[in-house]
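Take a look at the structure below.
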Amino acid sequence: MPTIAIVGAGPGMGLAIARTFGSRGFDVALIARTKEKLQTLVDRLGQEGITAEAFTADVLDRPSLTAALDAVKVRFGGIDVLEYSPAAHSLLENSPAAHSPVPHLTLATPSEATVDNLQPQIEYVFYGAVAAARAVLPAMREAGAGTLLFTTGGGSVDPVPMLGNVHAAGAALRNWVINLGKELAGSGVHAAHVAINVWIGDGGPEGFPTATSDEIAPLYWDLHENRDRSEAVFNA
């Protein structure tokens, strides 16, 4: 069976993406920092007839991320789809249980941006994605098949000042993913970027568009199936 590895899996988008692919015959590898929270998701998926397993890693500890993805390949025989979105939704989704707080990640407007508050965001959002891709891309290239999906907030496309440093890191990731897709054209491996331009769940700012994780998740399947698309922006 094909396998999807979801980096940054939580009870919001991660679980919804797992269900979307799992219901279509994929095994699911859930990767995040806390084994206990992941096991809860594994149990829920199992009750729905989806084979899933938890793997712990911290995207700021790139050897641990590479080791987790290697363990996924051993367990399931390979990785056909990689989805990367560690805490990408925590600034949009009113779900404190979705992710534990990440040390050293602070918000800054563009004029407040410094190397000190930009670097952790870039390490978390961008460099972790590069490390994850490098862990799976050689095997995908050799097989001539695979999908790489990377998620950011909508500010990677249309930034807002209060999240200046976050959106700068997201924009860097978006640029790299689109360029990676160009490089991989014709190889059988597909790379695409998802920008979520809504508040996920309840409790968002008044007047801000909202959507549920289940409403957004099918977009990832569409990008996996429609391989001529390098980017999708989800708007309510």
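The C-beta contact set for the stretch 42-60 (first residue farther than 17 Å from Thr3 by Cα, second residue among the hydroxyl-bearing types (Ser, Thr, Tyr) and at pLDDT 95 or above, distance under 6 angstrom, 6+ apart or interchain) comprises Ala57/Ser64; Asp58/Ser64. The number of residues in the stretch 104-147 that are charged (D, E, K, R) and within 14 Å of Arg62 (Cβ to Cβ) comes to 2. Within the stretch 124-149, take every residue that is aromatic (Phe, Trp, Tyr) and either closer than 20 Å to Leu184 by Cα or modelled with pLDDT of 95 or more (or both) and give me the one that is most open to solvent (accessible area, probe 1.4 Å). The residue in question is Tyr127.
Working only within the stretch 150-171, note down all residues that are crowded, with 20+ Cβ neighbours inside 10 Å and within 15 Å of Tyr127 (Cα to Cα). Those that are crowded, with 20+ Cβ neighbours inside 10 Å and within 15 Å of Tyr127 (Cα to Cα): Phe150, Thr151, Thr152, Asn165, Val166, His167, Ala168, Ala169, Gly170. One residue stands out in the stretch 69-87 among those that are at pLDDT 95 or above and over 16 Å from Met140 (Cβ atoms): the one that is least open to solvent (accessible area, probe 1.4 Å), namely Ala71.
Residue pairs whose Cβ atoms lie under 8 Å apart, sitting 6 or more positions apart in sequence or on different chains, and linking a residue in the stretch 66-83 that is within 14 Å of Phe55 (Cβ to Cβ) to a partner that is part of a loop (DSSP other than H, G, I, E, B), are Ala67/Ala57; Ala68/Ala57; Leu69/Ala57; Leu69/Ile79; Val72/Ile79; Lys73/Ile79; Phe76/Met1. Taking (1) modelled with pLDDT of 95 or more; (2) open to solvent by 30 Å² or more (accessible area, probe 1.4 Å); (3) under 24 Å from Asp27 (Cα atoms) in turn, His99 satisfies each apart from (1). Within the stretch 197-229, the set of residues being within 15 Å of the chain's Cα centre (by Cα) and open to solvent by less than 50 Å² (accessible area, probe 1.4 Å) comprises Ile200, Ser213, Ile216, Ala217, Leu219, Tyr220, Trp221, Leu223, His224. Within the set Val194, Val189, the sole residue that is out of contact with any Gly (no Cβ under 6 Å at 6 or more places or on another chain) and open to solvent by less than 20 Å² (accessible area, probe 1.4 Å) turns out to be Val194. Being part of a helix (DSSP H, G or I), of a type in the set (A, V, I, L, M, F, W, C) and more than 18 Å from Ser230 (Cβ to Cβ) holds for only one residue in Leu137, Leu118, and it is Leu118.
Right, Leu92: under 30 Å from Ser23 (Cα atoms), crowded, with 16+ Cβ neighbours inside 10 Å, within 16 Å of the chain's Cα centre (by Cα) and modelled with pLDDT of 95 or more or not?
Answer is no for this residue.
Annotation note: Cβ proximity below 6 Å between a residue of the stretch 174-196 that is in contact (Cβ under 8 Å) with a residue 40 or more places away in the chain and a residue that is of a type in the set (A, V, I, L, M, F, W, C) and assigned to a loop (DSSP other than H, G, I, E, B) (sequence gap 6+ or interchain) occurs for Gly188/Ala145; Ala195/Val157.
Tell me yes or no: at least one residue of the stretch 115-123 is exposed (fewer than 14 other Cβ atoms within 10 Å of the Cβ), modelled with pLDDT under 50 and not polar (S, T, N, Q).
No: zero hits.
The values are calculated or read from the model by the stated rules, or taken from the named source; none is laboratory data. For clarity, every value in this text was computed on a predicted model and none was experimentally measured. Note that we place each Cβ from the backbone using ideal geometry, even for glycine, and neighbour counts take in every protein chain shown. Areas reflect the complete protein model, heavy atoms only, side chains present, ligands, DNA and RNA absent. Shrake-Rupley method; radii C 1.70, N 1.55, O 1.52, S 1.80 Å.
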